[in-house]
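Novice: Once you've had a glance at the structure underneath, I'll fire off some questions.
The values are calculated or read from the model by the stated rules, or taken from the named source; none is laboratory data. In this text, all values refer to a predicted model and were calculated from it rather than measured experimentally. When we count neighbours, we look across all protein chains shown, and the Cβ atoms used for this are built from the backbone with ideal geometry, even at glycine.
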């Protein structure tokens, strides 16, 4: 169930992403609930027009839940799905983002539903019930993240707050990237989605973050797409300088379990103690906490031995 991001239309077992995110920095400083003074309605985003500020929002995506609270719309959220575990005060329910049920959602009396996947044809079902729907699919680039935060801010009456979140995200990421030491040769890395060696390529959202800090991915795009399943032998042969584990919470993977894998103790990343367990949730979401993911990567690269 942790693979909310990974299940967005990718026909692979690990289906990704990435998995899918505002860092604590991006949420703790945002206004708690007052709408922007400049907010006015009706507001139109794409083909969705809201005639009034929504006060009973239902979020069926952990990432959009984080976005809502980051822009200061938390007090307008009436219910979130069962996988929305951040921030802790989010009104978690048994609603499912994987198997959304229109009747169960309608029972929450929402005046806006925000989701990341049109599973079970839920968008059409909700529209038949005259319930406004905003679809925020998994980001492909950071610009997608910034756009969704901006649009959620507009729909909820928090235009200024959303702009501030985006600005601070951009500033923090730019500084993190700029502070990473330049190296004559790129360090290589292996990114693990699960213990069956599904990974990501540089063409994915998460892969692009690693490229930003100057790392080279051992997983390459090919016939299996951008979420390939590697073999243990191929990983050992590639001998990555660094290993990042996005399966530390779901699957209890760690530097110790990696070292215990047959043949892995000789990998450069293992020998040099450069195996890093990431927070699965942060690594699989594309919201404001993506700054935390970039920070974790940047810190690891800064400390890495050449």
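Novice: Residue check: is residue 247 within 20 Å of the chain's Cα centre (by Cα) and at pLDDT below 95?
Specialist: no
Novice: Only one residue in 276, 190 is farther than 21 Å from residue 176 by Cβ, assigned to a strand (DSSP E or B) and touching a helix residue (DSSP H, G or I) at 6+ places or on another chain (Cβ under 6 Å). Which one?
Specialist: Result: 190 is the single residue among 276, 190 that is farther than 21 Å from residue 176 by Cβ, assigned to a strand (DSSP E or B) and touching a helix residue (DSSP H, G or I) at 6+ places or on another chain (Cβ under 6 Å).
Novice: On to the next question. Quickly run through the stretch 101-133 and pick out the residues that are outside any helix (DSSP H, G or I) and under 20 Å from the mean Cα position of the chain (by Cα).
Specialist: Result: 113, 114, 115, 116, 117, 118.
Novice: Restricting attention to the stretch 80-94, does a residue exist that is within 13 Å of residue 156 (Cα to Cα), surrounded by 15 or more Cβ atoms within 10 Å (Cβ to Cβ) and in contact with a strand residue (DSSP E or B) (Cβ under 7 Å, 6 or more places away or on another chain)?
Specialist: There is no residue in the stretch 80-94 that is within 13 Å of residue 156 (Cα to Cα), surrounded by 15 or more Cβ atoms within 10 Å (Cβ to Cβ) and in contact with a strand residue (DSSP E or B) (Cβ under 7 Å, 6 or more places away or on another chain).
Novice: Which condition does residue 121 not pass, out of (1) loosely packed, with under 14 Cβ neighbours inside 10 Å; (2) at pLDDT below 95, if it passes all the others?
Specialist: The one condition residue 121 does not meet is (2).
Novice: In the stretch 231-241, is there at least one residue being closer than 23 Å to residue 295 by Cα and either buried (at least 20 other Cβ atoms within 10 Å of the Cβ) or touching a helix residue (DSSP H, G or I) at 6+ places or on another chain (Cβ under 6 Å) (or both)?
Specialist: Checked against the condition, which is being closer than 23 Å to residue 295 by Cα and either buried (at least 20 other Cβ atoms within 10 Å of the Cβ) or touching a helix residue (DSSP H, G or I) at 6+ places or on another chain (Cβ under 6 Å) (or both), the stretch 231-241 yields at least one hit.
Novice: Mind checking which residues of the stretch 201-226 are assigned to a loop (DSSP other than H, G, I, E, B) and closer than 22 Å to residue 302 by Cβ?
Specialist: Those that are assigned to a loop (DSSP other than H, G, I, E, B) and closer than 22 Å to residue 302 by Cβ: 202, 213, 214, 215, 218.
Novice: In the stretch 115-134, is there at least one residue being assigned by TED's automatic domain parsing to the domain that holds residue 163, within 17 Å of residue 50 (Cβ to Cβ) and out of contact with any strand residue (DSSP E or B) (no Cβ under 7 Å at 6 or more places or on another chain)?
Specialist: Within the stretch 115-134 (the criterion being assigned by TED's automatic domain parsing to the domain that holds residue 163, within 17 Å of residue 50 (Cβ to Cβ) and out of contact with any strand residue (DSSP E or B) (no Cβ under 7 Å at 6 or more places or on another chain)), the answer is yes, since at least one residue qualifies.
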